[in-house]
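Each remark here refers to the structure printed beneath this line.
A short reminder: the numbers here are calculations on the coordinates, not readings from a lab. Treat the numbers as computed from the prediction; the structure is a model and nothing was measured. Ideal geometry is used to build each Cβ from the backbone, glycine not excepted, and the neighbour counts take in all protein chains shown.
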Amino acid sequence: MTPARVIPLLDARSRPLPASGRQVPHADGSLADTLGRPLRDLRISVTDRCNFRCSYCMPKQVFDKHYEFLPHADLLSFEEITRVARAFVAQGVEKIRITGGEPLLRRHLERLIAQLAELRTPDGRLLDLTLTTNGSLLARKAQALKDAGLQRITVSLDGLDDAIFQRMNDVGFPVADVLAGIEAARAVGLGPIKVNMVVKRGTNDHEVLPMARHFKGTGVTLRFIEFMDVGETNDWRMDEVLPSRELLQRLQAEFDLQPLSASAPGETAERWGHADGSGEIGLISSVTQAFCGDCNRARLSTEGRLYTCLFATQGWDLRHLLRGSAVSDAALQDAIAAVWSQRGDRYSQLRASGQALPQGERRVEMHYIGG
Ligand SMILES: Nc1nc2c(ncn2[C@@H]2O[C@H](COP(=O)(O)OP(=O)(O)OP(=O)(O)O)[C@@H](O)[C@H]2O)c(=O)[nH]1
Ligand SMILES: C[S@@+](CC[C@H](N)C(=O)[O-])C[C@H]1O[C@@H](n2cnc3c(N)ncnc32)[C@H](O)[C@@H]1O
Ligand code: SF4
Ligand code: SF4
């Protein structure tokens, strides 16, 4: 029996693309949204499927029982993704992150990487082309990804203790195989490597110090992410969030850490360096220290919807535009500019300051919109 789709991922009322209005440029002359934020970062979800069931993202009790994954025909093809990406790059995007779901589950992904690696900014620069993965297939795919033109990689790992990690991924996946994937990425020269650890108080917070010890001096940057209230299915509770300030105190009890300046405008992580020069760690504090103020990120979902916030309820249907009557590249760029120039999203900031949030509509899920 086909399970009922209880998660209305595809909001039937996708937003109609706005007519292009007056565009107020960013200080450097590029496209800006209503809060003056430029468009620099495009995150592309290439599949809504995943071989993990992380409790904070695709909880098993929901996703194994009640969820149908998107049919292949609904997914953007690599050619369509590349075309959309080219239009974004023409509008100011300098960084592209491939994500999902688990992006390495998408067949022949290296072909897409190769196409995206060909793109250049209007003034001829290479893009920052990267990918986020759970690491499960990385050991066998690292070389092909590197050969295709991927520059660097971020691997998610929520602990070093197998029992705790398996409690987080909920499919019994072992730590050693993710570490082997990280090692393979390093061996083929995919770098710098970052490791993302979502911290849930009471579940894996005792892994914070072992993880920090493990990666210190390895050249890998470990980043701790506060458990976020993204989507509607992860049963988020504030008492399971370990605020970054508290986490930092735990780290500082053992390590001599000094604040570092941001490496790029709009960076998600606050950087801290080991005083002895043995690397850095990052704190991503989306819950307790919102960073909407300089958020320059757009997201393209698996089936071609454009989202301007991770906590959005609706997206703009670019696939419809792409597959409709022959749309020109200029029209695609105009559509992106029209959406971005009307953007005013600042969900985390509003939540943190107790202001009213959009009510009554489902927020999209992380595995679909792309983390
Ligand atoms: N609230 C919020 N969280 C975000 C946003 N972007 C990223 N995150 C969170 O930060 C985590 C890390 O982001 P990454 O995918 O590694 O991207 P990044 O920080 O841009 O990566 P680098 O370019 O390597 O610094 C994500 O998994 C999310 O949990 C955002 O726009 N809003
Ligand atoms: C949605 S995953 C997609 C890529 C890949 N499957 C992975 O896990 O790396 C991207 C990132 O989002 C993070 N993430 C997912 N749900 C989250 C949540 N509720 N709070 C904070 N981060 C979350 C994951 O830890 C991961 O680093
Ligand atoms: S965080 Fe990544 S690995 Fe975990 S369920 Fe979500 S998409 Fe899969
Ligand atoms: S909550 Fe929305 S606007 Fe704020 S940083 Fe995240 S994606 Fe950007």
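Observations
- Pairs spanning more than 29 Å between alpha-carbon atoms, out of LYS65/LYS216; LYS95/LYS216; LYS95/LYS141; LYS60/LYS146: LYS65/LYS216; LYS60/LYS146.
- Over the stretch 133-224, relative contact order from alpha-carbon pairs under 8 Å, at least 6 apart, %: 35 percent
- Cα centroids of the stretch 273-307 and the stretch 101-171: 17 Å apart.
- For the stretch 38-194, share of DSSP beta bridges that run antiparallel, in % to the nearest 5: 5 percent
- Diffusion coefficient of the stretch 80-226 by Stokes-Einstein, Kirkwood radius over Cα pairs, 10 °C, 1.306 mPa s: 99 µm²/s.
- Protection proxy ranking, peptides 183-194, 245-256, average beta carbon neighbours within 10 Å, highest first: 183-194, 245-256
- Mean separation of Cα pairs under 8 Å and 6 or more residues apart, divided by the residue count, gives the chain a relative contact order of 24 percent.
- Counting neighbouring Cβ atoms within 10 Å and putting the fewest first, the residues THR133, THR268 line up as THR268, THR133.
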